[in-house]
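Report on the structure given below.
The values are calculated or read from the model by the stated rules, or taken from the named source; none is laboratory data. Everything numeric in this text was worked out from a predicted model, so none of it was measured. When we count neighbours, we look across all protein chains shown, and the Cβ atoms used for this are built from the backbone with ideal geometry, even at glycine.
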Amino acid sequence: MKIGNVIINGKVALAPMAGVADRAFREICKEYGACYTVSEMVSSKGISYHNEKTATLMEISKEEHPCAIQIFGNDPETMALAGKSALQFHPDIIDINMGCPAPKISGNGNGCALMKTPKLCGEIVRAVAKAVDIPVTVKIRKGYNNKYLTALEVAKYCEENGAKAITIHGRTAEQMYKPVVDWEIIATLKQNLTIPVIGNGDITDPLSAEAMLKQTHCDMLMVGRGSLGNPFIFREINAYLSDGKIIPKATNTEKLSVMTEHIRKICDYKGERIGMKEARKHITYYLKGFYGAAAFRDEAGKLCTYGEFLLLIDKIRYFLKN
Ligand SMILES: Cc1cc2nc3c(=O)[nH]c(=O)nc-3n(C[C@H](O)[C@H](O)[C@H](O)COP(=O)(O)O)c2cc1C
């Protein structure tokens, strides 16, 4: 499929996830078959203040393309400047966050709070699309809450103002991550828009992926939490969608070796001190379901160096063998 002039080969993308889907994780997911990746959300104000940490969030690897940088904010002019500034990192697409429910984002009128003002959503898209020469896309939810079920209206304004695709997570901001995802709203968007619609929410395996595609007719899927400690999900879904095959799950040996590669990449990109702090949560995700995992998870929570991490891996391998 195409988003604007960007060709995407595949049906399953990695969702943006602040604090987890960084460059290291995105590279791993790409290796396992994610057809498209999106950066962690980046503050448009942070970009305009030339914040160094913000710049790190926008770094992209050569292997990642096609990929998007996602920006958030509520002022069309600042968002346009941020979009333009992001181009120095060579994304293929600029994605606009209109779905984040976190109070520290939406409380300031950003993220999903924008869905209360559909016209402003259109103005932001128009400003960003005018400022950049690559496609602009938008990620929304079903609405802000039951009073503002504005997904279709927002999506229409975005399309009219130049958005080249819409990703929709079928829950409101108030619902956060709890009730079941409303697939009806994804289908409604697909029926009413001419641009591609990307369905998102609770895809955890090949069967749920196929079901969402079939029932909503959306053009592509985005997987978030289902990929945590489980980049193999892209391989599994791709195999099922292309050949109808349920392939075997990753073995513990493969999990350990991918986890090691992942943590090494985090340390390479962020330095060992920050890298190992961030690695701890990924290690606990990978260890989910391992026999004896609770004790190893406790140890993972205290790791400070990559050397300590390698010792833990040796210990887990030994434990699994005996
Ligand atoms: C830890 C975490 C961080 C997230 N950060 C972002 C973000 O930066 N931008 C965004 O648009 N959505 C963000 N999301 C939402 C996901 O992209 C996705 O819409 C949501 O998790 C539902 O999909 P899932 O059920 O496959 O996880 C985040 C979700 C999680 C769990």
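In region 15-51, the residue that is surrounded by the most Cβ atoms within 10 Å (Cβ to Cβ) out of those that are within 16 Å of the ligand (Cβ to nearest atom) and charged (D, E, K, R) is Arg26. Residue check: Phe296 meets all listed conditions (1) over 21 Å from Gly226 (Cα atoms); (2) surrounded by 12 or more Cβ atoms within 10 Å (Cβ to Cβ); (3) under 25 Å from the mean Cα position of the chain (by Cα) but one, namely (3).
Given the structure, is Tyr291 in contact with a helix residue (DSSP H, G or I) (Cβ under 6 Å, 6 or more places away or on another chain) and of a type in the set (Phe, Trp, Tyr)? No, not satisfied.
Is it the case that region 288-302 has a residue that's in a helix (DSSP H, G or I) and touching a Gly at 6+ places or on another chain (Cβ under 9 Å)?
Residues of region 288-302 in a helix (DSSP H, G or I): 293-300.
Remaining after also requiring touching a Gly at 6+ places or on another chain (Cβ under 9 Å): none.
No: zero hits.
Taking the residues in region 91-106 that are surrounded by fewer than 15 Cβ atoms within 10 Å (Cβ to Cβ) and closer than 18 Å to Thr54 by Cβ as candidates, determine which candidate is farthest from the ligand (Cβ to nearest atom). The residue in question is Lys104.
So if I check each of Met17, Met41, Met98, which one is among the hydrophobic types (A, V, I, L, M, F, W, C) and either at pLDDT below 95 or within 27 Å of Ser242 (Cβ to Cβ) (or both)? After ruling out the rest, the residue left standing is Met17. For region 71-81, check the following and say yes or no: at least one residue is of a type in the set (A, V, I, L, M), at pLDDT below 95 and away from the ligand (no atom under 15 Å from the Cβ). No, region 71-81 has no match at all.
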